[in-house]
Amino acid sequence: TERVFELRKDLDIRINGKDLVNPVTSFGHYGFDNLLIQSIQKQGYESPTSIQKQAVPIALSGRDLIAIAKTGSGKTASFIWPAIPHIMDQPYLEKGDGPIALFVAPTRELAHQIYLETQKFAKPYKIRTSVIYGGVTKLLQCRELKAGCEILVTTPGRLIDMIKLKATKMNRVTYLVLDEADRMFDMGFGPQVQSIVGQIRPDRQTLLFSATFPPNIEELARNILIDPIRISIGNTG
Ligand code: ADP
Ligand code: MG
């Protein structure tokens with residue numbers, strides 16, 4: 001496939017992909033409504049981080065994305081913020097239906113952190129966020145999932161358990177995020193991640209976040225993303 005390559009040597013930003021999407025350098029230019037802008041202001045953030053400038057407009061455009069940037073660069077918000085308009089644009093669906101946005105993360109701690117961060121932005125919209133991971137009784141999590149949510153944050157293993165128990169369906173998921181993809185592979189979750197992705201509709205939007213981009217993640221990306229734009233910030237190997 002044809003590829004356009006843009007090099008921003010000055011900022012150490014590399015962007016690959018067809019039909020690139022322009023970066024946005026101010027929160028006011030994302031096109032977010034007031035509820036979201038207010039929540040962002042509440043955090044005290046002055047301007048988007050480098051990865052947020054590049055990744056958010058791509059995610060908002062509906063394109064698949066590979067975002068590689070080191071820990072602490074603000075990747076979490078890069079996938080949470082665009083999920084909000086994505087969900088608000090969906091037609092009303094009944095309580096009890098499965099999630100629209102699915103955030104997959106390698107560890108309980110990270111899943112919980114992402115959940116807390118998501119709540120800050122989703123709650124004002126009454127978007128329901130749930131989190132599931134190992135170490136908590138499955139019964140409680142089954143009950144929560146059956147009550148319904150629009151965003152589900154999960155570790156790979158526990159989601160597979162919950163699908164097997166028919167506690168949730170994946171048919172509504174159109175916004176899939178794999179966070180810390182390199183760590184998920186290092187921890188041996190590759191097969192579980194593949195299995196989860198295989199159960200999600202092919203017309204989804206897929207966003208992959210990683211601190212590094214080793215060959216196994218590159219291969220995963222080739223298999224599960226369509227015409228992605230790849231952003232890489234800093235020396236990530
Ligand atoms: P990463 O996932 O890339 O490791 P995080 O999303 O966890 O990074 O963000 C790291 C820290 O930066 C968090 O404390 C977060 O609240 C903060 N942060 C995120 N976006 C901004 C911003 N635009 N301005 C200032 N701080 C931010
Ligand atoms: Mg992160």
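Each row is one residue, and each column tells you yes or no for (1) in contact with a strand residue (DSSP E or B) (Cβ under 6 Å, 6 or more places away or on another chain); (2) farther than 19 Å from ARG128 by Cβ.
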site	(1), (2)
SER50	yes, yes
VAL56	no, yes
SER61	no, yes
ILE66	yes, yes
GLY72	no, yes
PRO82	no, no
PRO85	no, no
ASP89	no, no
Residue match in the range 146-155 (condition: under 24 Å from HIS86 (Cα atoms), part of a loop (DSSP other than H, G, I, E, B) and hydrophobic (A, V, I, L, M, F, W, C)): yes
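Of the residues in the range 50-77, how many are part of a loop (DSSP other than H, G, I, E, B) and either basic (Lys, Arg) or touching a Leu at 6+ places or on another chain (Cβ under 7 Å) (or both)? Can you show your working first?
Step one: of the range 50-77, the residues part of a loop (DSSP other than H, G, I, E, B) are 61-64, 69-74.
After this cut, where a residue has to be either basic (Lys, Arg) or touching a Leu at 6+ places or on another chain (Cβ under 7 Å) (or both) as well, the list is 63-64, 70.
The number of residues fulfilling the criteria is 3.
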Test: residue in the range 117-125 that is under 21 Å from ILE200 (Cβ atoms), surrounded by 15 or more Cβ atoms within 10 Å (Cβ to Cβ) and modelled with pLDDT under 95: no
Test for MET170: is it surrounded by fewer than 22 Cβ atoms within 10 Å (Cβ to Cβ), in contact (Cβ under 8 Å) with a residue 12 or more places away in the chain and over 20 Å from LEU110 (Cβ atoms): yes
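Examine the range 212-219 for a residue that is farther than 26 Å from PRO85 by Cβ and of a type in the set (Phe, Trp, Tyr), and state whether such a residue exists. I'd like the intermediate steps shown before the answer.
Initial filter on the range 212-219 (farther than 26 Å from PRO85 by Cβ): 212-219.
Add one more test, that the residue is of a type in the set (Phe, Trp, Tyr), and what stays is 213.
Yes - at least one qualifying residue is present in the range 212-219.
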Tally, over the range 177-192, of residues that are surrounded by 17 or more Cβ atoms within 10 Å (Cβ to Cβ), away from ligand 2 (no atom under 16 Å from the Cβ) and under 16 Å from ARG222 (Cα atoms): 1
Extreme residue, surrounded by the most Cβ atoms within 10 Å (Cβ to Cβ), among residues of the range 33-49 that are within 13 Å of ligand 1 (Cβ to nearest atom) and assigned to a loop (DSSP other than H, G, I, E, B): PRO48
Cβ-Cβ under 6 Å pairs, at least 6 apart or on other chains, the range 179-196 side assigned to a helix (DSSP H, G or I), far side of a type in the set (S, T, N, Q) and more than 14 Å from ligand 1 (Cβ to nearest atom): PHE185/ASN216
Lone qualifier among MET162, MET184, MET170 - being within 26 Å of ILE87 (Cβ to Cβ) and within 16 Å of ligand 1 (Cβ to nearest atom): MET184
Condition check for LYS70: within 14 Å of ligand 2 (Cβ to nearest atom), at pLDDT below 95 and either farther than 22 Å from GLY190 by Cβ or not hydroxyl-bearing (Ser, Thr, Tyr) (or both): yes
Residue match in the range 92-104 (condition: under 16 Å from the mean Cα position of the chain (by Cα) and assigned to a helix (DSSP H, G or I)): no
Criterion violated by THR71 - all others in (1) within 24 Å of LYS169 (Cα to Cα); (2) surrounded by fewer than 16 Cβ atoms within 10 Å (Cβ to Cβ) satisfied: (1)
Long-range neighbours under 6 Å by Cβ, at least six apart or interchain, first residue on the phi > 0 side of the Ramachandran plot within the range 71-90, second crowded, with 19+ Cβ neighbours inside 10 Å: GLY74/ILE51; GLY74/GLN52
Boolean, GLY62 is within 12 Å of ligand 2 (Cβ to nearest atom) and either under 25 Å from PRO202 (Cα atoms) or modelled with pLDDT of 95 or more (or both): no
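State all residues of the range 161-172 that are among the aliphatic types (A, V, I, L, M) and over 17 Å from LEU139 (Cβ atoms); if no residue qualifies, say none.
Initially, the range 161-172 is screened for residues among the aliphatic types (A, V, I, L, M), giving 162-163, 165, 167, 170.
Result: MET170, single match.
The values are calculated or read from the model by the stated rules, or taken from the named source; none is laboratory data. These numbers come from a predicted model, not from an experiment. Please note: Cβ atoms are built from the backbone with ideal geometry, for glycine as well, and neighbour counts cover all protein chains shown.
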